[in-house]
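Student: My questions all concern the structure below.
The values are calculated or read from the model by the stated rules, or taken from the named source; none is laboratory data. Note that the structure is a prediction, hence the values are computed from the model and not measured. Cβ: placed from backbone, ideal geometry, glycine included. Neighbour counts: every protein chain shown. With ligands, DNA and RNA removed, areas are computed over all heavy atoms of the protein, side chains included. Shrake-Rupley method; radii C 1.70, N 1.55, O 1.52, S 1.80 Å.
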Amino acid sequence: MKKHNFSAGPSVLNQAVLQKASKAVIELDDTGLSILEISHRSQYFNHIITQANLLIRELLNITAEYEILFLQGGASLQFYMSALNFTKTNGTCGYVDTGTWSSKAINEAEKICNTLIVASSKDKNYTYIPKLNFINSKLDYLHLTSNNTIYGTQFHQFPSKIDIGQQNTNIICDMSSDILSRKFDINYFDLIYAGAQKNIGPAGTTIIIVKKDKIKNKNLPTYLSYSTHINKKSLFNTPPVFSIYVCMLTLQWIKEKGGLSKIDEINRKKAKLLYNTIDQSSIFQGIANKADRSIMNVTFKLKEEYKQLESKFNSICMEHGIVGINGHRSIGGYRASIYNALNIESVKLLTDIMKDLNNKL
Ligand SMILES: *Cc1c(COP(=O)(O)O)cnc(C)c1O
């Protein structure tokens, strides 16, 4: 039985995409070769990576000042690489600390520049998105994490550069868990990075969208320089061919579905259904601050007085093929990740189970 996969990452992929990908493992189109066998220098792969590039450009309305790259090393390498490319020694880099991933980004940047935490929600275990005040220091860049996968919070509005006194500061954003989930203005950002395995494809590639004129540091170890990969069009060394192929298929699927406005609408519908169920329940409660709730990762828990229902709820979920809803070990409770490829039917099933458990009390 196909499971309802609510995992945070690697996560659910579209079924039609999986079918095409599985076919290509045996033979890619009519090439007589498996996608796993083709050369990354072949015309076949050139077509795939070009398509993937164009689709990202089209779906996110990306102008010519930006380059799109497919690299390896995950978002985790980008914590270091982004700092390395966007600052010079002794620069000051601003960070908004909204959870585990932001903290990891800060730890890496500390090896390169002077980090300044301009806002943090650590005081309340990262259950909200902090407001930014006017920043007096001149920053080389400001780093944000648009969606906090573990805590279930998300920036619904990005800080106004004018209000925080950083009109000309570069903005770097880790969008690993909400890229391509909603519409946003690309022009606000100078560098975006996102591991593919949350909302785009299988693990193995990381998508980088970078405004090439904003790169400050060019004299770097070859592999760690964005300029290298820009010049070589992501083919400096062997790229993860299969991962990029499945990303391309997913991007095609998003486009066929109606692009980001449609995806945005469906994602909000799914999130609303789940949050309404939580809010109307007498046994469950949400974890994140309501105004900052994520439309991708929904965190909730059983109320203290209903803790004893835990094993019952877990086993009903298991019986119905619902997997991946356990909260991250750092916050406990539950986390339902409802990425693009998760059907609304799966969300309906989960909410029906939650309502049913409530009604049977
Ligand atoms: C998962 C995740 C990461 C880590 O990604 P890797 O590709 O495993 O390095 C970083 N940031 C965010 C927001 C994430 O959700």
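Student: Sorted by mean Cβ packing within 10 Å, highest first, what order do the peptides 307-316, 157-166 take?
Tutor: Ranked by mean Cβ neighbours within 10 Å, highest first: 157-166, 307-316.
Student: Sticking with this one: Counting only heavy atoms of protein chains, what accessible area per residue, in Å², does the chain have with a probe of 1.4 Å?
Tutor: 44
Student: What part of the accessible area of the chain, given as a whole %, is carbon or sulfur when the probe is 1.4 angstrom?
Tutor: 49
Student: Build a GNM of the chain with springs between Cα atoms under 10 Å: which of LYS262, LYS88, LYS124 gets the top mean-square fluctuation?
Tutor: Ranking LYS262, LYS88, LYS124 by mean-square fluctuation puts LYS124 first.
Student: With θ set to phi - 60° and the Karplus curve 6.51 cos²θ - 1.76 cosθ + 1.60, what are the ³J(HN,Hα) couplings of the range 260-275 in order, to the nearest whole Hz, using x for Gly and Pro?
Tutor: Values per residue, Gly and Pro as x: 5, 5, 6, 4, 4, 4, 5, 4, 5, 5, 5, 5, 4, 4, 6, 5 Hz.
Student: Taking amide H positions as placed in the peptide plane 1.01 Å from N, state which residues far from VAL12 in sequence (5 or more) or on other chains have amide H under 5 Å from it.
Tutor: When sequence neighbours closer than 5 places are left aside, the close amide H contacts are SER7.
Student: If you count the DSSP beta bridges with both ends in the chain, what percent of them are antiparallel, to the nearest 5?
Tutor: Approximately 55 percent, going by the DSSP bridge assignments.
Student: Calculate one ³J(HN,Hα) per residue across the range 164-170 by plugging θ = phi - 60° into the Karplus curve 6.51 cos²θ - 1.76 cosθ + 1.60, and present them in order as whole Hz with x for glycine and proline.
Tutor: 9, x, 10, 4, 10, 7, 6
Student: Going by amide H atoms built from the backbone, whose H comes under 5 Å of the H on ASP97, apart from near neighbours?
Tutor: Those lying under 5 Å, H to H, from ASP97 are VAL118, ALA119, SER120, SER121.
Student: Could you work out how far the C-alpha centroid of the range 183-227 sits from that of the range 37-59, in angstrom?
Tutor: About 17 Å separates the Cα centre of the range 183-227 from the one of the range 37-59.
Student: While we're looking at this one, here's another question. For the range 68-86 and the range 282-361, what is the separation of their Cα centres, given in Å?
Tutor: After rounding, the separation between the Cα centres reads 33 Å.
Student: Between LYS161 and LYS303, what FRET efficiency follows from the Cβ-Cβ distance if R0 is 35 Å, with the result rounded to 0.05?
Tutor: With a Förster radius of 35 Å, E is 0.30.
Student: For the chain, what is the calculated [θ] at 222 nm in deg cm²/dmol (nearest 500), taking -39500 (n - 2.57) for each run of four or more DSSP H residues and dividing by its residue count?
Tutor: Mean residue ellipticity, 222 nm, calculated: -11000 deg cm²/dmol.
Student: Which order do the peptides 192-200, 71-79 come out in when sorted by mean C-beta neighbours inside 10 angstrom, highest first?
Tutor: Result, highest mean first: 192-200, 71-79.
Student: Treating only the Cβ of Lys, Arg, Asp and Glu as charged (+1, +1, -1, -1), what charge dipole size does the range 189-275 show about its Cα centre? Round to the nearest 20 debye.
Tutor: Computed about the Cα centre, the dipole is about 180 debye.
Student: For ALA288, which sequence-distant residues (separation of 5 or more, or a different chain) have an amide H within less than 5 Å of its own amide H, given hydrogens modelled in the peptide plane?
Tutor: THR299
Student: Can you tell me how much longer the chain between LYS212 and SER261 gets when fully stretched, taken as 0.36 nm per residue apart minus their C-alpha distance, in nm with one decimal?
Tutor: This chain segment gains 14.9 nm when fully extended.
Student: Which one, LEU349, GLY258, GLY321, is farthest towards the positive end of the dipole of the range 247-358 when Lys and Arg carry +1 and Asp and Glu -1 on their Cβ?
Tutor: Most positive-ward Cα: GLY258.
Student: Whole-Hz Karplus ³J(HN,Hα) for the range 213-222, in order, using 6.51 cos²θ - 1.76 cosθ + 1.60 and θ = phi - 60°, x for Gly and Pro?
Tutor: 5, 8, 5, 8, 10, 10, 8, 10, x, 3
Student: Please give me the summed charge of the neighbours of LEU84: other residues whose Cβ is under 12 Å from its Cβ, Lys and Arg +1, Asp and Glu -1.
Tutor: Cβ neighbours under 12 Å give a net charge of +2.
Student: May I pose another question? Could you size up the charge dipole of the chain around its Cα centre, putting +1 on the beta carbon of Lys and Arg and -1 on that of Asp and Glu, and report it in debye to the nearest 20?
Tutor: 280
Student: Comparing ASN125, ASN53, ASN276, which has the greatest mean-square fluctuation in the GNM of the chain with Cα pairs linked when under 10 Å apart?
Tutor: ASN276
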